[in-house]
Amino acid sequence: MKVKPLLLALVFLISKPAFADHHATSSSGELKATTTVAGSFYSSQQTLDRGFPFSDAVRTTGNLVFLSGLVGTDPDGELVEGGLAPETHAIFRQMQSHLQQLNLDLKDVVKCLVMIDNIDEWAEFNKIYTTYFIPPYPARSAFGADGLALGAALELECTAVEQ
């Protein structure tokens, strides 16, 4: 599977704001909302400035929040070193940041899709996953995926519900 340039841009743009100080006045870390009859579409300032045709997160009128897929990147948008474990922790830091900006947290996540490069690392992933999510766990699907963006070991996409 070839990595498409748009996917690489998406990974960079949704991971970069996750490391910004939420109390800073810099607009680069904040998600900007555009509201339509379908819901609110959230984009980082970087996404807006570059005119990319996607949103970092979408909250529907039915209070569902869809987070775009995340890979484990550092504040510069580079894949963290060390493989699955550090990438998984980086993904959860990003996810928690996005959720926090939307006044949500991990307990509001109801569904996750896991794309893992090496299914033999599934047990290692589950050990980390269960340190972030507690029962009742979100519904979850998974599949093996070759050629994830940036050569990542893992990509995680989740849906949350606003209470």
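Here, each number is a calculation from the coordinates, and none is a lab measurement. The structure presented is a predicted model; accordingly, all values stated were derived computationally and were not measured. Virtual Cβ from ideal backbone geometry, glycine too; neighbours counted across all protein chains shown.
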Item to check | Counting all C-alpha pairs of the range 43-88, share separated by more than 14 Å (%) | outcome: 64 percent
Checklist outcome for this item: In whole angstrom, largest first, the equivalent ellipsoid semi-axes that the Cα gyration tensor gives for the range 30-163 are 25, 18, 12
Checklist outcome for this item: Within the range 65-153, DSSP-loop chymotrypsin sites (Phe, Trp or Tyr not before Pro) with at most 12 other C-beta atoms within 10 Å are none
Checklist entry - In debye to the nearest 20, how big a dipole does the range 20-163 give about its Cα centre with +1 on each Lys and Arg Cβ and -1 on each Asp and Glu Cβ? => result 640 debye
